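In what follows, a single structure is set out as structure tokens and then discussed.
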Amino acid sequence: MTFQINGREFSKAPRPGQCLRTFLRELGHFGVKKGCDAGDCGACTVLIDGEPVHSCLIPAFRADGHAVTTIEGFAPDGGTHPMQQAFLDAQGFQCGFCTSGMILTCASLNQAQRHDLGAALKGNICRCTGYRAIEDALNGKSNIEDAAAGTAFGRSLPAPAGPQVVRGAARYTFDVAPEGMLHIKMLRSPHPHAKIISIDKRASLGVPGVHTILTFEDAPDRLFSTARHEWDWMDADDTRVLDNVVRFIGQKVAAVVAETEAAAEEGCRQLDVAYEILPAVVDPTAAIAPGAPAIHGDKTLANRVADAGRNIVAETHGEFGDVASALAQAAATYEGAFTTQRVQHAALETHGGLAWVDADGILNVRSSTQVPFLIRRTLADLFHLPLDKVRVFCERVGGGFGGKQEMFVEDMLALAALKTGRPVKFELTREEQFISTSTRHPMQVTVKAGADKDGKLTALQLDVLSNTGAYGNHAGPVLLHSVGECIGVYNCPNKKVDGIAAYTNTVPAGAFRGYGLPQTLIAVEAAIDELAKQLGISPFEMRRRNVVKPGDPMLSPPGSEYHDVLYGSYGLDQCLDLVERAMAAEAPMPSLPADWLTGDGIALTMIDTVPPAGHFADCSISLREDGGFDLTVGTAEFGNGTSTVHRQIAASALATTVDRIRLLQSDTAHGGHDTGAYGSAGTFVAGRATQAAAEALAGQLKQFAASLLGENPDACTLDNHGTVCAGRRTSFALLAASAHSLNKVLSASGNSSGTPRSVAFNVQGFRVAVNKYTGELKILKSVQAADAGRVANPMQCRGQVEGGVAQSLGAALYEEMVIDDNGRVINPKFRDYHLPSFADIPRTEVFFADTSDALGPMGAKSMSESPYNPVAAALGNAIANATGIRFTATPFKPDRLWPLLHEKFGPG
Amino acid sequence: MDLNTVAAVAHPTTRDQLPVWTAGDAWLAGGTWLFSEPQAHLRRLIDLTDLKWPALTISETGLSIAATCTVAQLDALACPPEWIASPLISQCCRAFLASFKIWKTATVGGNICMSLPAGPMISLTSALDGVCTIWQADGGERNIPVADFVTGDQRNVLAPGDLLRQVEIPLAALRRRSAFRQVSLTPVGRSAALLIGSVTSDGGLALTITASTKRPVRLSFAGIPNSKELRETILQRIADDLYHSDVHGKPIWRKHMTLRLAEEIRVELQGTAYA
């Protein structure tokens, strides 16, 4: 067969059942991405004879004799197609994993389709942006600025990887193909709870191409947590690389390592496993009831499992004051029970990676991770390797959202690479993402609240039952965070918290954007609104009367042992004002039939800018011979935009421009340590380390220039790519040449330990319309105000807010992993797990409070998780305002809203 | 995705060349569903492309749609002006969960044979009195209305080796005034209820209920019924357990929306009937 790909002829026969996507990738066209491999997400879009198709659905043989164009060949001779340029100008991407497919699709739209983008783009999912920036690209809008030397911080500079992203040249995890690579496929448990009696490998080993089979007998006999934190004591040690007990449907049973994925799959099918079925429990309330089967009955407090016999992995209890008597005396009280469902991160790049042992005996792991340094440490521990014999790194990662603050694949990769001595690859399918990685913690939250007649809160009580699934990764820290800032933001003399994280025989929950707060905020912010309504106070005023202000203690029982959270800045008052003003602004109301009820709702959130107990980052920067700089940071880029911000910080400190800062990132081989890109730390923590390093180097440059000129360093400043000492200018390039001739190295390092911490704030407002006879919901207005301190990059920060709102609207309106009575995920694919598409997401007006943080880098605060947090709560409040009904369970889908609407309003 | 157990693809060009159906075989039309899920039981694909069936044939008796006609080809059909039901074609194409990119590959026959409750080509062709022609594995041939072809969620009358050849739409159905209603849990999502009504030549109402029910339900009324008659007929003809239940809509809401959309269709067509 002959294929014409990007204008070149290839003669190669695809395998009979091969799809075009893998065929193109095997030929080296890595711009063709796998998001779902099922035709739902559009990341694999290519053109056949100029028409866009999903290459994962096209049998490869059907491209025989046709012209195929991938993103790499879209513009002739390495040029830039106008649509690629439009995506650069608008910065219509964050992680960029969907961008190839998005650009090829957008460029194919006719005028009619461009007028109905909701329909035209329903086959292209972007998990990061919230689509506004993509719409801007289609409208030819430019969102980027320039910045003169030394002025980069605070400007809307484009992401440095943009040109590679829009050309499909940015290398993501799987965009390499080492020689002689073996493939790993997992046999996964069909049972929610079972003991593995035996695994008969004989038939499997007979499959041509099968190289090795790994079972619990090959795995280190060590317990760890897939959750990765700076400190291991934060999580329960309850997991083995491969265990002889499986505790959820989808858990790893055995790995088949083979020459091809096909052989590995066949090897899995040929494994004969004998199980002893154990009793299972999938409901968290049933799991903590007496008599429930113990899921981790063999674990103890030494494993940091709070009460293994009762399936309680973590709990927290505390009270300040006396909530019961405060409630008894309150002028207004509210009690409600709220439920949040199980949702998935759905980063478009699945988990996975490659590993190999190099000629120096170093185990190299290239993976889709937010925490390469923590993965390295754990691999070294598990496999008894010296730290310097393990290297973990990532290049560009296709989305994270907390799901990659875990070690789900690197342990298998290491085991397989060490056992086989060959390069190995392990790439999860989309279904595996759903059934075997992690989710948000589903929570049941009961809130009780009371206020006096003036609207002052007198009582706040939370009772939380968190379902952590079969393993306790992040169970405790998420539980603690979920009952932290959501009530800490309110002054209230009587507060009480009871929280339990329960094991169940279901897919584990783990770290997820917001880290517990979105689930509890729905309850707390509903209570504030309900009290305000009873007392006849506006939701804005009610909050103003009760929120903490600088100087107020931020308290949540039983109280934290960490007292390093300070008001580095405070913009909550501004955020409330900004949203109130925007919601009140005159706006044309769409004319809606009388069936539609409208209402407004708000919610606020506070978040500590760094996780507790220390979060570390080392950065270094050195002057290059050409007068530019090499900046080395440990933090990873997965669409969070920190690559842009770090260069801005360094360029500002060194009076240069960002194009002269070359960033080296997220590779343990570069030295130093970085706790990782989680807890919104990429700017606040690592950014401070970059600032410290750059400022130290600035000092050295002044000193060195002064010494060359015989001046006092105090008389020197940095200006426009050089130093100026007593009026005499020396360019950085000249300084570099002088340093070289004197054998002097001009470089500096900086670090940050993530303390003291500050607080950031967000307020979300919605205006909704609800059809009282059908349950359909329209968002008429969406506003978010964010207190991000001094905003490092307004365009990017706006994108983080919009993307957070979009992802959270997914969880508030659509997304739901459904688990049946046996613990099986029944909808492990995008067509049954509805991610927001272009048509689903309203434009959000984004405002920034005018603050500058005393603790953050150059005044900035973190802003990546918190925009997500208040969205479902605000939406619930808006729906309650519109309908007079308090809905207490997400997602707010029409078929869920309708029964209560029907009860109240009749059939219509 | 790759179907790694598939070891061969047959490319018959005539009916005579269709291989003897064997366990592990699958017909390959567009492949947009086949390649979207693991199919570890498959060993051979029988590609229907080279049979080169004419996609769309307009004749004096109506429209013949080959099973291999793509959704995009159908959507692009220039219909004669007297086919006043033709807007249904575009409305049903837009009811696909899949985007226009998939329409280029996905086929009308594939959608009917998938037999999902929300299959919009089932909605379209059953509302238009479509009749399936089945090439039987034994070499014979039989015809069956689309509404009877689909028997349940992902169930139909095809026996192993049977092949859907085409759907014939009678001219009369294409010349009827029609009304279309569809609802989904999301703005452009999978249909939770899709109803099509049309006024027959003798002034009756033909109502086709799909997506909300596990299989198409066709209701015929001698004239345009009143609201009560319509409602009671639906309640009587569709038992609660015939409403489909999955993540795309709870049955009780599907039932409510079915009644509501049916009434909207009744009101719309009543207006045109009087006009």
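The values are calculated or read from the model by the stated rules, or taken from the named source; none is laboratory data. Bear in mind the structure is a predicted one, so any value in this text is a computation, not a measurement. Using ideal geometry, Cβ is built from the backbone for each residue, glycine included, and neighbour counts are taken over all protein chains shown.
Per-residue answers, yes or no, for (1) within 14 Å of chain B (Cβ to nearest Cβ); (2) under 28 Å from A:Asn494 (Cβ atoms):
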| residue | (1), (2) |
| --- | --- |
| A:Cys268 | yes, no |
| A:Val273 | no, no |
| A:Ile277 | no, no |
| A:Val281 | no, no |
| A:Ala289 | no, no |
| A:Ile312 | no, yes |
| A:Glu319 | no, yes |
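Quick one: would you say A:Lys861 is crowded, with 23+ Cβ neighbours inside 10 Å, closer than 30 Å to A:Gln648 by Cβ and not hydrophobic (A, V, I, L, M, F, W, C)?
So A:Lys861 fits the description; yes.
A:Asp116 fails exactly one of the following numbered conditions: (1) more than 14 Å from chain B (Cβ to nearest Cβ); (2) free of Cβ contacts under 8 Å to residues at least 24 places away in the same chain; (3) of a type outside the set (A, V, I, L, M, F, W, C). What is the number of that condition?
(1)
Are there any pairs, at least 6 apart or on different chains, whose C-beta atoms fall under 6 Å, with the first in the range A:60-78 and within 14 Å of chain B (Cβ to nearest Cβ) and the second outside any strand (DSSP E or B) and surrounded by fewer than 17 Cβ atoms within 10 Å (Cβ to Cβ), and if so, which?
Going by the 6 Å Cβ cut-off, the qualifying pairs are A:Asp64/A:Met1; A:His66/A:Asp49.
Has the range A:844-861 got at least one residue that is within 12 Å of chain B (Cβ to nearest Cβ) and of a type outside the set (Gly, Ala, Ser)?
No, every residue in the range A:844-861 fails to be within 12 Å of chain B (Cβ to nearest Cβ) and of a type outside the set (Gly, Ala, Ser).
Checking A:Arg798 against (1) without any contact (Cβ under 8 Å) to a residue 60 or more places away in the chain; (2) away from chain B (no Cβ under 14 Å); (3) in a loop (DSSP other than H, G, I, E, B), which single condition isn't satisfied?
(3)
Tally the residues that are under 15 Å from A:Ala655 (Cα atoms) and either assigned to a helix (DSSP H, G or I) or in contact (Cβ under 8 Å) with a residue 60 or more places away in the chain (or both), restricting the search to the range A:689-716.
14
Among the candidates A:Gly92, A:Gly118, A:Gly73, single out the residue that is assigned by TED's automatic domain parsing to the domain that holds A:Ala13 and either of a type in the set (S, T, N, Q) or over 27 Å from the mean Cα position of the chain (by Cα) (or both).
A:Gly73
With small (Gly, Ala, Ser), at pLDDT 95 or above and not in a helix (DSSP H, G or I) as the only criterion, which of A:Gly101, A:Gly118, A:Gly123 stands out?
Every option except A:Gly123 fails the conditions.
Sort through B:Ser36, B:Ser64 and tell me the only one that's in contact with a Leu (Cβ under 8 Å, 6 or more places away or on another chain) and in contact (Cβ under 8 Å) with a residue 40 or more places away in the chain.
After ruling out the rest, the residue left standing is B:Ser64.
In this structure, is A:Gly823 closer than 26 Å to A:Pro190 by Cβ and in contact (Cβ under 8 Å) with a residue 24 or more places away in the chain?
Considered against the rule, which asks whether it is closer than 26 Å to A:Pro190 by Cβ and in contact (Cβ under 8 Å) with a residue 24 or more places away in the chain, A:Gly823 comes out as yes.
Restricting attention to the range A:351-387, which residues are crowded, with 24+ Cβ neighbours inside 10 Å, polar (S, T, N, Q) and in a strand (DSSP E or B)?
If the condition is that a residue be crowded, with 24+ Cβ neighbours inside 10 Å, polar (S, T, N, Q) and in a strand (DSSP E or B), then A:Ser367 is the only one that fits.
Quickly run through the range A:1-19 and pick out the residues that are hydrophobic (A, V, I, L, M, F, W, C) and part of a loop (DSSP other than H, G, I, E, B).
A:Met1, A:Ala13, listed by residue number.
Determine if the range A:752-767 includes at least one residue that is more than 14 Å from chain B (Cβ to nearest Cβ), closer than 30 Å to A:Gly803 by Cβ and aromatic (Phe, Trp, Tyr).
yes
Determine whether the range A:90-109 contains at least one residue that is away from chain B (no Cβ under 14 Å) and either surrounded by fewer than 24 Cβ atoms within 10 Å (Cβ to Cβ) or among the aliphatic types (A, V, I, L, M) (or both).
Yes.
Output the helices (runs of 4 or more DSSP H) that fall wholly within the range B:1-105 and possess 2 or more residues being more than 10 Å from every other protein chain (Cβ to nearest Cβ), or say none.
Once the helices (runs of 4 or more DSSP H) in the range B:1-105 are filtered for at least 2 residues that are more than 10 Å from every other protein chain (Cβ to nearest Cβ), what remains is B:71-75, B:87-94.
Which one is nearest to the chain's Cα centre (by Cα), of the residues in the range A:325-343 that are surrounded by 19 or more Cβ atoms within 10 Å (Cβ to Cβ) and either in the same structural domain as A:Lys829 (by TED's automatic domain parsing) or not in a loop (DSSP other than H, G, I, E, B) (or both)?
A:Thr340
Quick grid of which residues meet (1) outside the structural domain of A:Gln648 (by TED's automatic domain parsing); (2) buried (at least 24 other Cβ atoms within 10 Å of the Cβ); (3) modelled with pLDDT of 95 or more; (4) in contact with a Pro (Cβ under 9 Å, 6 or more places away or on another chain):
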residue: A:Gln574; (1), (2), (3), (4): yes, no, yes, no
residue: A:Asp577; (1), (2), (3), (4): yes, no, yes, no
residue: A:Arg581; (1), (2), (3), (4): yes, no, yes, no
residue: A:Ala584; (1), (2), (3), (4): yes, no, yes, no
residue: A:Ala587; (1), (2), (3), (4): yes, no, no, no
residue: A:Leu592; (1), (2), (3), (4): yes, no, no, no
residue: A:Ile621; (1), (2), (3), (4): no, yes, yes, no
residue: A:Arg624; (1), (2), (3), (4): no, no, yes, no
residue: A:Gly628; (1), (2), (3), (4): no, no, yes, no
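A:Ser538 is checked against (1) of a type in the set (Gly, Ala, Ser); (2) over 27 Å from the mean Cα position of the chain (by Cα); (3) surrounded by 17 or more Cβ atoms within 10 Å (Cβ to Cβ) and fails just one. What number does that condition carry?
Unmet for A:Ser538, out of (1) of a type in the set (Gly, Ala, Ser); (2) over 27 Å from the mean Cα position of the chain (by Cα); (3) surrounded by 17 or more Cβ atoms within 10 Å (Cβ to Cβ): (3).
For the range B:134-215, list the strands (runs of 3 or more DSSP E) that sit wholly inside it and hold at least 3 residues that are surrounded by 22 or more Cβ atoms within 10 Å (Cβ to Cβ), touching a residue at least 40 places away in the same chain (Cβ under 8 Å) and within 14 Å of chain A (Cβ to nearest Cβ); which are they?
Here the list reads B:191-199.
So which of A:Glu395, A:Glu406, A:Glu431 ends up being touching a residue at least 24 places away in the same chain (Cβ under 8 Å), within 18 Å of the chain's Cα centre (by Cα) and surrounded by fewer than 21 Cβ atoms within 10 Å (Cβ to Cβ)?
A:Glu395
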